[in-house]
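Student: Shown below is the structure under consideration.
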Amino acid sequence: MRQIVLDTETTGLEPEQGHRVVELACVEIVNRQVTDRHLHLYLNPDRDSDPEAFNVHGLTTEFLSGHPRFPEIAQQLVDFVRDAEVIIHNAAFDVKFLNSELKRAGLPMFPDLCGKITDSLMVAREMFPGKRNNLDALCDRFGISNAHRTLHGALLDSELLGEVWLAMTRGQNSLLGGEGDSGRKTGAGAAAALDRFDASGLPVIQVSAQARQAHEAYLDGLDKAAGGRSLWRELESPATAEGDSAPA
């Protein structure tokens, strides 16, 4: 399972008004592990950034003028995201800019390049309705340090979003991690979380014969205390009882 966490910085809010991408970053996740592969590029937009955009990313026109234009690096992006699931926070914004840049370069639209686009903002809103779900709020919610994030930067934001995404989709948080008093999801919320949970990256830990014997001895003690068959015995699945390994 290959996923790419992507972020961009731009000169403004609307590509239809001539605004361009000035920074692009992709961070790779394979089987729920962040790898050391990433793509990070500054781009010459051939224009100034709007003051509001500059206040967000701090990239000057002079600095960006020394970097390549998008068509010169477009194939690097195509190759990096090809067939992967791409995770973007507020995907509609980034995708409209990427589509505009790809069209200028004579290349297919972004959704045609990757296997799937997942909007982490939409997922967060489903998990935490009525809460603030921007990147800073999610970092706070999951205990991820973003103290070094004084300005937005595509690479830093991609790295933080990667950590947030793994925390959002971790088994315990997805299945049990609500924000109510009980800290548990129930009903439709639990079912939706279960649908999102991906167990493919969980390691399988082999249980030794000695550990199995100690476990059985502990259950014998529970049976004795319960005056019969303990609840654990009732709930223990045949696969677990007969096998010698379990996911953890």
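Student: Net charge near Val86, counting Lys/Arg +1 and Asp/Glu -1 over other residues with Cβ under 13 Å of its Cβ?
Tutor: -4
Student: Continuing with this model, one more query. Kirkwood Rh over Cα pairs of the stretch 27-76 into Stokes-Einstein at 10 °C, 1.306 mPa s: D in µm²/s?
Tutor: D = 123 µm²/s.
Student: How would you classify the stretch 1-112 from its alpha-carbon gyration tensor, with a ≥ b ≥ c the square roots of the eigenvalues: rounded for a/c under 1.5, else prolate if a/b is greater than b/c, otherwise oblate?
Tutor: Prolate, since a/c reaches 1.5 and a/b exceeds b/c.
We did not get these values from a lab; they are worked out from the coordinates using the rules stated. A quick note: this is a predicted structure, and the numbers were derived from the prediction, not measured. No Cβ is skipped: glycine too gets one built from the backbone with ideal geometry, and neighbour counts run over all protein chains shown.
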